[in-house]
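**Student:** Below is one structure. I have some questions about it.
The values are calculated or read from the model by the stated rules, or taken from the named source; none is laboratory data. Keep in mind that this is a model prediction, so the values were computed, not measured. Counting neighbours? That spans all protein chains shown, and the Cβs are built from the backbone with ideal geometry, glycine included. Heads up: the accessible areas ignore ligands, DNA and RNA and are worked out on the full protein's heavy atoms, side chains in. Shrake-Rupley method; radii C 1.70, N 1.55, O 1.52, S 1.80 Å.
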Amino acid sequence: MTCKHATLLLSESEERQLSSRERWGLRFHVVICAACRRFKKQLQFLRLLLSQASPKMLAAVYASDASLSEPRRQEIKTLLRRAAEGQ
Ligand SMILES: [Zn+2]
């Protein structure tokens with residue numbers, strides 16, 4: 001499994017049930033890959049934030065972090081939009 005595939009599955013796991021094959025592939029990849037482990041942690045952290053903070057506050061956090069890579073920005077944007085729509 002590539003990192004691209006792994007991060008895609010990590011994101012998708014929020015929206016759909018992964019197949020057992022995907023889950024195992026992902027689990028294995030995360031064990032051997034530090035970058036995807038970090039990504040997974042960030043996703044979990046974001047989810048926690050989203051459950052507790054207002055989208056406005058999250059937008060401020062997002063705007064202040066210039067070190068984020070473009071895919072991460074897109075990811076956060078998507079999460080923020082979803083949070084905003086949910087309110
Ligand atoms: Zn990886």
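**Student:** Under the condition of being over 19 Å from residue 80 (Cα atoms) and loosely packed, with under 14 Cβ neighbours inside 10 Å, which residue from the range 33-42 is farthest from the chain's Cα centre (by Cα)?
**Tutor:** Residue satisfying both the conditions and the ranking: 34.
**Student:** Restricting to the range 1-32, what's the tally of residues that are within 16 Å of the ligand (Cβ to nearest atom) and open to solvent by 70 Å² or more (accessible area, probe 1.4 Å)?
**Tutor:** 11
**Student:** Let me ask you something else. Taking the condition within 22 Å of residue 69 (Cα to Cα) and open to solvent by 80 Å² or more (accessible area, probe 1.4 Å), does residue 45 pass?
**Tutor:** yes
**Student:** Let me ask you something else. Would you point out which residue out of 84, 59, 63, 35 is of a type in the set (Gly, Ala, Ser), within 16 Å of the ligand (Cβ to nearest atom), free of Cβ contacts under 8 Å to residues at least 60 places away in the same chain and in a helix (DSSP H, G or I)?
**Tutor:** Exactly one of 84, 59, 63, 35 is of a type in the set (Gly, Ala, Ser), within 16 Å of the ligand (Cβ to nearest atom), free of Cβ contacts under 8 Å to residues at least 60 places away in the same chain and in a helix (DSSP H, G or I), namely 35.
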